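Working notes for the structure below.
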Amino acid sequence: MSILLATYNWPKALKLCLESLGTQNDLDFEIIIADDGSTNETKKVIDGIKENFPVAITHLWQEDQGFRKTRILNQAIAAARGDYLVFLDGDCIVQPDFITRHRELAQAGHLVTGSRVLLNQALTTSLLGWPHWSFARFASKLFSYRLSGGINKYWPLKIKLGNGSWRDYDQFVWRRIKGCNMACWKIDALAIQGFDETMTGWGHEDADFVFRLQHNKIIRKSGAWATEVFHLFHRIHDQSNAAENARRVREKILAKAL
């Protein structure tokens, strides 16, 4: 299994993300960091962590020429040694069973769109001040975090549901596609030539990827109530390209329907 970890210029968040991956109860995976042009501060964090990290970390970097996540992710797909790919963003922290749950849901001919728990600004600021990530420390206050609005979900973190055909989608829908937490087989990603690199700027490159996989006979499966990640609060990225990217995805959907 390969974790393809996208990041850009938020080394404190990336440090927590990596530390959460380093404390998994299943360590049979590699991490490939897909870096869309971060400064040397991110490299320092990665180099400092990888020395004593329990799994292999590869750092792929490209020059900062705007939001080109699709390009660096395709490089990560090509470099992956695992036959199953889990896509994760560096502003997300994972639970100790994240790898285990994704492995349980992995199934030939399927992709998984995972779920996330949103953290508010106050809780995010607090976590970024921790010297190291501790799931036990975080989990001990889950209920109070929910009551105070620090997190927007509680029960999916306490109740984990297994695999089953009830997770399958009958057709493509935009809802709940999150590029910060999804998975597919490498052979299936290569069959559609990965992400569409002509889609630059933030927005909908993940929906385009999922749609093309589904059009290629891959069944989408929900990873909710199993794979939830903690998504750190941040300001919304530049969305100037989002409408155009959405229009292009809709055109593909319409063309395939004709």
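The values are calculated or read from the model by the stated rules, or taken from the named source; none is laboratory data. Here the structure is a predicted model, which means the values were calculated and not measured. Here the Cβ positions follow ideal geometry from the backbone for every residue, glycine too, while neighbour counts run over all protein chains shown. To get the accessible areas, we keep the full protein, side chains included, count just its heavy atoms, and leave off ligands, DNA and RNA. Shrake-Rupley method; radii C 1.70, N 1.55, O 1.52, S 1.80 Å.
Among the residues here, D83 does not qualify as touching a strand residue (DSSP E or B) at 6+ places or on another chain (Cβ under 6 Å) and within 25 Å of I192 (Cβ to Cβ). Scanning the stretch 218-236 for residues that are at pLDDT below 70 and either in contact with a Gly (Cβ under 6 Å, 6 or more places away or on another chain) or under 24 Å from C184 (Cβ atoms) (or both) gives no hits.
Restrict the check to the stretch 53-68 and report whether at least one residue is at pLDDT below 95, assigned to a loop (DSSP other than H, G, I, E, B), more than 23 Å from E197 (Cβ to Cβ) and open to solvent by 30 Å² or more (accessible area, probe 1.4 Å). Checking the stretch 53-68: not a single residue is at pLDDT below 95, assigned to a loop (DSSP other than H, G, I, E, B), more than 23 Å from E197 (Cβ to Cβ) and open to solvent by 30 Å² or more (accessible area, probe 1.4 Å). When restricted to residues that are outside any helix (DSSP H, G or I), in contact with a strand residue (DSSP E or B) (Cβ under 8 Å, 6 or more places away or on another chain) and over 13 Å from L16 (Cα atoms), the stretch 104-141 contains 15. Residue count for the stretch 1-52 under the criterion of being in a helix (DSSP H, G or I), farther than 13 Å from L88 by Cβ and among the hydroxyl-bearing types (S, T, Y): the result is 1. The lone criterion from (1) under 15 Å from the mean Cα position of the chain (by Cα); (2) more than 20 Å from D83 (Cβ to Cβ) left unmet by N181 is number (2).
None of E51, E63 is without any contact (Cβ under 8 Å) to a residue 40 or more places away in the chain and farther than 22 Å from E205 by Cα except E51. Exactly one residue among A6, A80 is closer than 19 Å to D208 by Cα, touching a helix residue (DSSP H, G or I) at 6+ places or on another chain (Cβ under 9 Å) and either of a type outside the set (V, I, T) or touching a residue at least 40 places away in the same chain (Cβ under 8 Å) (or both), and that residue is A6.
Residue check: L190 meets all listed conditions (1) at pLDDT below 95; (2) aliphatic (A, V, I, L, M); (3) open to solvent by 70 Å² or more (accessible area, probe 1.4 Å) but one, namely (1). Restricting the stretch 142-187 to residues that are of a type outside the set (D, E, K, R), open to solvent by less than 40 Å² (accessible area, probe 1.4 Å) and part of a helix (DSSP H, G or I), which is farthest from S222 (Cα to Cα)? Of everything passing the filter in the stretch 142-187, Y145 is farthest from S222 (Cα to Cα). Every listed requirement among (1) modelled with pLDDT under 90; (2) assigned to a helix (DSSP H, G or I); (3) aliphatic (A, V, I, L, M) is met by V210 save one, (1).
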